[in-house]
Amino acid sequence: VRSARFWAALYALSVLALAYGMWRLAEPPQLAGLFWLVLGGLGLKASHDGQRWLGQH
Amino acid sequence: LAEPAGERVSPALAGAAARPLRRWNGAAAPGDDSVSLRTVLLPGAYAWATTVALPAWSAGNGVARAGALSALGLLVLGAFAARRNLVLGRAVGVLGFVGLSAGTWGALGPALALASLDLVRAALGAIAWGLFAMGWGSLRSPERVPELDPRALQGEPLVPKTRLSREAGVIFGACLAAGLLLPLLAWRVRDNGLALLAHAAALAGAIAVINVGSRLVLARYDGQDGRASATRPSPPRLFLALFLAWLALGAAVWLA
């Protein structure tokens with residue numbers, strides 16, 4: 001978690017999760033789409049915090 | 001006979017310096033192209049045609065059509081008025097145009113239901129609305145030189161510590177494309193109750209994707225070597241733990 005590449009990979013995975021979640025939201029069951037959206041959102045927030053931490057230290 | 005190279009001023013710069021500086025009370029000098037007609041009228045007219053005029057003429061009544069025509073009139077009037085008075089032009093061209101467009105949608109009522117919309121046309125219209133909003137941004141006219149402003153600090157220009165590489169531009173372009181993809185995917189959601197949530201989530205997600213992506217691109221220019229030393233405080237783990245917990249919960253539900 002101290003590597004910039006880790007946070008970059010988490011960012012890429014989160015974007016994929018968000019895109020897939022948005023795609024799945026149009027098809028039943030919609031809860032699956034919501035699951036991926038929440039997952040992507042959490043990953044983006046974690047990546048954001050990690051990037052900011054890297055920039056500050 | 002010899003003229004110092006540093007004091008040589010080209011005729012174009014001298015002409016720009018002779019022009020009256022733009023006043024900061026919102027009134028633009030005549031001929032100041034701070035609001036481009038192209039960047040305002042083209043996307044505005046397209047957004048109006050696809051999202052306002054089309055439903056008003058296909059399924060609307062007289063009130064909706066009158067509102068749509070008035071909105072178009074305010075768009076054109078505001079764009080031209082902004083060349084004389086920026087504040088007034090923006091008030092008419094943005095608030096008036098958007099307000100009357102919203103009024104037209106209100107007059108359409110149930111005819112504007114999601115099921116009756118052409119999704120591709122609506123998505124293109126949404127993009128045009130975004131371009132219309134950005135088109136109202138003030139741009140510095142090419143012949144205006146900031147260094148000739150009497151309030152500018154004279155001296156040696158500051159040299160940037162580094163320049164962004166082409167790879168950084170490509171990565172940022174990919175982040176931008178990913179951010180733009182989310183609102184487009186949201187148009188696939190046809191359920192009336194869920195569509196609003198999808199668009200709100202897509203908008204928030206797009207902002208977050210572009211924001212974090214720009215940090216990602218610029219991180220390598222912060223003097224970081226990509227790997228932190230052991231003396232640093234521990235990195236943030238809260239949302240990473242929530243991410244993993246949510247992933248584990250999903251896997252457990254999926255396997256159950």
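What the Cα convex hull of the stretch B:159-204 gives, in volume per residue, is 68 Å³.
The calculated pair-distance distribution of the stretch B:125-189 uses every alpha carbon pair, bins of 10 angstrom beginning at 0, and gives 14, 23, 32, 22, 8, 1 percent.
Of the residues B:Val212, B:Val76, the one with the fewest other Cβ atoms within 10 Å heads the list, and the complete ranking is B:Val76, B:Val212. Its relative contact order, with pairs defined as Cα atoms under 8 Å and 6+ residues apart, puts the stretch B:53-134 at 32 percent. Placing a label point 7 Å from the Cα of B:Leu249 along the Cα-to-Cβ line, the residues of the stretch A:13-57 whose backbone N sits under 12 Å from it are A:35-36, A:38-39, A:42.
Other protein chain C-beta atoms within 10 Å of residue C-beta, averaged over B:167-180: 1.
For the peptide A:34-42, the mean number of other protein chain Cβ atoms found within 10 angstrom of a residue's Cβ is 6. A simple spin-label model places the labels of B:Ser165 and B:Tyr221 1.3 nm from each other, with each point 7 Å out along Cα-to-Cβ. Counts of other chain beta carbons within 10 angstrom of each beta carbon in peptide B:237-248 average 6.
A Förster distance of 41 Å, applied to the separation of the beta-carbon atoms of B:Glu156 and B:Leu176, puts the FRET efficiency at 0.75. Take every Cα pair under 8 Å in chain A that's 6+ residues apart, average their separations, divide by the length, and report that relative contact order as a whole percent. Reported relative contact order: 41 percent.
Read-outs throughout are calculated quantities, based only on the coordinates presented, and are distinct from any laboratory measurement. No experiment lies behind these values; they were computed from the predicted model shown. Please note: Cβ atoms are built from the backbone with ideal geometry, for glycine as well, and neighbour counts cover all protein chains shown.
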